[in-house]
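> Dumping the structure here so I can ask a few things about it.
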């Protein structure tokens, strides 16, 4: 088993990861879309999150609205919501297991049982990390493809237009 200092460092880092996962889940900035009209006064930025959407105007006024229904959310954000809630639950359970199986506690007397509990806590942390990274990566890549697809379509039309004449 690892030293006491490494176990405390691991629990501290996993607690920081849990706080980061909670912030990622709460913040409404999963998708950011800017609507800029001809007049700068009408510029708006729409933030879509897992739990609410917000509209920010250039005047500094921000209006947020919680989603009325689960169906109001796109499928990728629904999956991200479920994945992050599961990530947070697994992180909490992993922290509890890491504390129970730590060297500084006497909850479990048998050393092999303690080692198994700590290993299972590590597995929970790994699964939790993957459950947090996967939806963030998927939504980010989806947004990148959405914006690149628009410019690729324009480029392809221009390309074919040049040679079709």
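> Taking only pairs six or more apart or across chains, which ones have beta-carbon atoms under 7 Å, a first residue in segment 51-75 that is on the phi > 0 side of the Ramachandran plot, and a second residue that is surrounded by 11 or more Cβ atoms within 10 Å (Cβ to Cβ) and at pLDDT below 85?
none
> Failed condition for residue 39, given (1) crowded, with 16+ Cβ neighbours inside 10 Å; (2) out of contact with any strand residue (DSSP E or B) (no Cβ under 7 Å at 6 or more places or on another chain); (3) at pLDDT below 95, with all others met?
Condition not satisfied by residue 39: (1).
> Need pairs with beta-carbon distance below 7 Å; first residue over 23 Å from residue 91 (Cα atoms) and within segment 128-147, second not in a helix (DSSP H, G or I); sequence gap 6+ or separate chains.
143/31
> Tally time: how many residues in segment 63-82 are modelled with pLDDT of 90 or more and more than 15 Å from residue 25 (Cα to Cα)?
Number satisfying all stated conditions: 3.
> Restricting to segment 98-109, what's the tally of residues that are in a helix (DSSP H, G or I) and crowded, with 20+ Cβ neighbours inside 10 Å?
Just the residues of segment 98-109 that are in a helix (DSSP H, G or I), to begin with: 98-100.
Still in the list and also crowded, with 20+ Cβ neighbours inside 10 Å: 98.
Residues flagged as in a helix (DSSP H, G or I) and crowded, with 20+ Cβ neighbours inside 10 Å within segment 98-109 amount to 1.
The values are calculated or read from the model by the stated rules, or taken from the named source; none is laboratory data. Not measured: the values here are computed from a predicted model. Virtual Cβ from ideal backbone geometry, glycine too; neighbours counted across all protein chains shown.
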